[in-house]
1. Run the accessible area of the range 9-86 with a 1.4 Å probe and give the carbon-and-sulfur part as a rounded percent.
2. Taking 0.36 nm per residue of separation and subtracting the Cα-Cα distance, what length does fully extending Arg27 through Thr61 add?
3. With every protein chain left in place, what is the accessible area per residue of the range 9-51 in square angstrom, probe 1.4 Å?
4. Please give, to one decimal in nm, the separation of the simple spin-label points placed at His36 and Gln2, each 7 Å out from Cα toward the Cβ.
Amino acid sequence: MQARLISLDGKIAIPLQNDVNVVGRKRGVCDVFLDHGSVSKCHCLIVKTDGLLLVRDLGSTNGTLVNGQRISRGALLPGDELSFASLKFQVQFGSELPPDAPGLSAERTEVMPVLPEAEVVIDMLESDEDASSDSLDAFPIPEL
């Protein structure tokens, strides 16, 4: 499987040639060398497996983000935005990639919040006046 990272301005294309790619700013160790002060020496891993790209942050100082959300690990889809600190790239992979036309795709992984905001939960509780038997009223919330 071919895979690469394309800078959002389309000027830089970084091929991911190995099955396991170390991303960072430490020469001689990293497969993807990014000479930028906000990138950690060993920032993250990108692994190609079974037609997927997996990413794992290696405890970087400034974080690895997928579509704007900081992650510790996760799966990537074609078109996702992958950021190493302040450097942003679009992920491209598949059996055949166009050799010289990176082209930014509009499709990306949808990022869902881990927890709903408190206002949303309160609105849900207050708006459910006609509660059915499977509503939240069937499960009393203990007072703290």
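The values are calculated or read from the model by the stated rules, or taken from the named source; none is laboratory data. The shown structure was predicted, so the numbers you read here are calculated from the model rather than taken from an experiment. For neighbour counting, all protein chains shown are included, and Cβ atoms are generated from backbone atoms with ideal geometry for every residue, glycine included. Heads up: the accessible areas ignore ligands, DNA and RNA and are worked out on the full protein's heavy atoms, side chains in. Shrake-Rupley method; radii C 1.70, N 1.55, O 1.52, S 1.80 Å.
1. 48 percent
2. Computed gain between Arg27 and Thr61 is 10.4 nm.
3. That works out to 59 Å² per residue.
4. 2.4 nm
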